[in-house]
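Since the structure comes first, as structure tokens, the remarks are kept for the end.
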Amino acid sequence: MSRIGRMPITVPPGVQVSIKSDEVTVKGPKGELTRRFNPDLSITLEDSKLMVARPSDGRLHRSLHGLTRTLLANMIEGVTKGFEKTLDIVGAGYRAEKSGDKLIVRIGFSHQVEILPIPGISLGLEGATRIKVSGINKELVGETAHKIRGIHPADSYKGKGLKYTDEKLRLKPGKAVGKKVQQ
């Protein structure tokens, strides 16, 4: 059995879970998420605990067992706490500003880059060099943060660009100057 898949998911008070065949809807204080799962797996709710069971030990069912449990746990965590990723802007003159819902990033191009948030995601700023991406869907938060970072990823020589706050950059030494040959 999958160690992750057989662990029960505790549903906190204030969160409603409804299961209709292969579709699970989770409602909480921050919002509502709905997702379809493989119909072979059975998802049950008893005594405020969600359980995922697989019908066989086949390769497909084993691979989906832990995945389904993790996705359900992320849905419950998202509607109660939410998810957040932060990005840092590194470089002289690189900065961001907020104009309404959109984010305007000046990051070394000849033009400024405008970022519009997708529904369910909010973009915020801490100062002029830290971008916060937050929402209830973990996949959308990660995807949006990745797209923002993809505008200008931190380079490997000076470290200038966009990077995740907890990301460690290994800077390359650059071009080595050779020794002078004495004659």
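The values are calculated or read from the model by the stated rules, or taken from the named source; none is laboratory data. Owing to the predicted nature of the structure, the values given are computational and were not obtained by experimental measurement. Here the Cβ is made from the backbone with ideal geometry for all residues, glycine too, and neighbour counts use every protein chain on show.
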Contacts under 9 angstrom Cβ, first residue in segment 129-148 being under 12 Å from Ile115 (Cα atoms), partner part of a loop (DSSP other than H, G, I, E, B) and of a type in the set (Val, Ile, Thr), 6 or more apart:
Thr144/Ile118
Take the residues in segment 41-65 that are in a helix (DSSP H, G or I) and among the basic types (Lys, Arg); name whichever of them is surrounded by the most Cβ atoms within 10 Å (Cβ to Cβ).
Arg62
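Looking at segment 143-164 only, could you name the residues that are at positive phi and in a strand (DSSP E or B)?
Within segment 143-164, Gly161 is the sole residue that qualifies.
Mind telling me which of the residues Leu125, Leu140 ends up being in contact with a strand residue (DSSP E or B) (Cβ under 7 Å, 6 or more places away or on another chain), outside the structural domain of Leu33 (by TED's automatic domain parsing), in a strand (DSSP E or B) and aliphatic (A, V, I, L, M)?
Within the list Leu125, Leu140, the selection yields Leu125.
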When only residues in segment 151-165 that are in contact with a strand residue (DSSP E or B) (Cβ under 8 Å, 6 or more places away or on another chain) and free of Cβ contacts under 8 Å to residues at least 60 places away in the same chain count, which is surrounded by the most Cβ atoms within 10 Å (Cβ to Cβ)?
His152
Exception for Val79 within (1) over 30 Å from Gly124 (Cβ atoms); (2) at pLDDT 95 or above falls at (1)
